[in-house]
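Novice: Okay, here's the structure, questions in a sec.
The values are calculated or read from the model by the stated rules, or taken from the named source; none is laboratory data. Keep in mind the model is a prediction, meaning the values are calculated, not measured. Note that each Cβ is placed from the backbone with ideal geometry, even for glycine, and that neighbours are counted across all protein chains shown.
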């Protein structure tokens, strides 16, 4: 159900473009962390599923799902894992994201800025693709702990895709943080309910959040681009990734599409919503560069 008139002020029209131009300057200065959602790459209409609902629909074309799992990617993956095998989930995720997602102009631009950190909250490899032209960066990915026999919440990868470690991360000019994992370079996927149960039991005390992420978010704001928060899991991750950073954060939105829970989330987290179509917002961010 879409939200009625909300208890939050949206930055609109000319004010929205002015705000975006100011945020573009802060991006260049490294004082804002871009937090990318799948909606950004979805503007180029890739073949891969670019939101939880279409990912759940993909699972439904491969496996008969119970009613409770239809439309819910995490529950659908859990059903497959429970009644088939974890390897089947990994195989289906690999199939879903087998065709590389094309980077947008904003992905390319962000790669040129040498930002301290970029958060990318979907499973595609578009951001890694453009960053791969550099050698001074690295990536941290959330991982499933199912069957690995290790007490780890995440793995480190260098610019070439080789597994690295936390000592190397401190020297990376740019850190790409993929909290839910990614198709590249090693097919790490946090996707099933069981994956998230373990994380969510600890995330309030920040154990699953890498120290390098905690360090680089300090005193910085976040700009959410192409993100939706119509799912409790997505809201929880955004809240925990941005914890103990600046109190000022921004989110690009289209007000008419928002749910009541999204608006409540913006209010509770102090997010300033910038009401403008995503393609226009990207155009302003690039033109102000």
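Novice: Only one of 282, 263 is farther than 30 Å from residue 155 by Cβ, in contact with a helix residue (DSSP H, G or I) (Cβ under 6 Å, 6 or more places away or on another chain) and touching a residue at least 60 places away in the same chain (Cβ under 8 Å); which? Steps first, please.
Specialist: Numbers: 263 fails: in contact with a helix residue (DSSP H, G or I) (Cβ under 6 Å, 6 or more places away or on another chain).
So the residue among 282, 263 that is farther than 30 Å from residue 155 by Cβ, in contact with a helix residue (DSSP H, G or I) (Cβ under 6 Å, 6 or more places away or on another chain) and touching a residue at least 60 places away in the same chain (Cβ under 8 Å) is 282.
Novice: Just one of the numbered conditions (1) without any contact (Cβ under 8 Å) to a residue 60 or more places away in the chain; (2) surrounded by 22 or more Cβ atoms within 10 Å (Cβ to Cβ); (3) more than 22 Å from residue 32 (Cβ to Cβ); (4) touching a helix residue (DSSP H, G or I) at 6+ places or on another chain (Cβ under 7 Å) is not true of residue 192; which one?
Specialist: Answer for residue 192: the failing condition is (1).
Novice: Anything in the range 109-125 that is over 13 Å from residue 37 (Cβ atoms) and either within 17 Å of the chain's Cα centre (by Cα) or not assigned by TED's automatic domain parsing to the domain that holds residue 32 (or both)? List them, or say none. Spell out how you get there, then give the answer.
Specialist: Step one: of the range 109-125, the residues over 13 Å from residue 37 (Cβ atoms) are 109-117, 125.
Selection gives 110, 111, 115, 116, 117, 125.
Novice: Continuing with this model, one more query. Going through 145, 128, 152 one at a time, which residue ends up being farther than 20 Å from residue 38 by Cα and in contact (Cβ under 8 Å) with a residue 40 or more places away in the chain?
Specialist: Checking each option against the conditions leaves just 145.
Novice: Checking residue 239 against (1) buried (at least 22 other Cβ atoms within 10 Å of the Cβ); (2) under 15 Å from residue 36 (Cα atoms): exactly one of these is not met. Which one?
Specialist: Evaluating residue 239 over (1) buried (at least 22 other Cβ atoms within 10 Å of the Cβ); (2) under 15 Å from residue 36 (Cα atoms) leaves (1) as the failure.
Novice: In the range 195-241, what count of residues is obtained for those that are within 25 Å of residue 278 (Cβ to Cβ) and without any contact (Cβ under 8 Å) to a residue 40 or more places away in the chain?
Specialist: Total satisfying the criteria: 7.
Novice: If you don't mind, another one. Would you mind stating whether residue 235 is within 24 Å of residue 79 (Cβ to Cβ) and at pLDDT 95 or above? So that I can check it myself, show each step before the final result.
Specialist: Numbers: within 24 Å of residue 79 (Cβ to Cβ): yes; at pLDDT 95 or above: yes.
For residue 235, the condition - within 24 Å of residue 79 (Cβ to Cβ) and at pLDDT 95 or above - is met.
Novice: Scan the helices (runs of 4 or more DSSP H) fully inside the range 1-88 and keep the ones with 3 or more residues being in contact with a strand residue (DSSP E or B) (Cβ under 7 Å, 6 or more places away or on another chain). Let's see the steps before the verdict.
Specialist: Values: elements: 13-29, 38-42, 52-62, 73-83.
Answer list for the range 1-88: 13-29.
Novice: Can we say residue 168 is surrounded by fewer than 22 Cβ atoms within 10 Å (Cβ to Cβ) and touching a helix residue (DSSP H, G or I) at 6+ places or on another chain (Cβ under 6 Å)?
Specialist: no
Novice: If you don't mind, another one. Please go through (1) free of Cβ contacts under 8 Å to residues at least 40 places away in the same chain; (2) at positive phi for residue 254 and return the number of the only condition it doesn't satisfy.
Specialist: Unmet condition: (2).
Novice: Here is a check on your reading of the model: is residue 171 on the phi > 0 side of the Ramachandran plot and without any contact (Cβ under 8 Å) to a residue 40 or more places away in the chain? First the steps, then the outcome.
Specialist: Values: on the phi > 0 side of the Ramachandran plot: no; without any contact (Cβ under 8 Å) to a residue 40 or more places away in the chain: yes.
No.
Novice: Evaluate the range 130-153: report whether one residue or more is crowded, with 24+ Cβ neighbours inside 10 Å and more than 16 Å from residue 169 (Cα to Cα).
Specialist: The answer is no, given that none of the residues of the range 130-153 is crowded, with 24+ Cβ neighbours inside 10 Å and more than 16 Å from residue 169 (Cα to Cα).
Novice: Of the residues 17, 53, only one is modelled with pLDDT of 95 or more and more than 26 Å from residue 178 (Cα to Cα); which?
Specialist: 17 is the lone residue from the list that is modelled with pLDDT of 95 or more and more than 26 Å from residue 178 (Cα to Cα).
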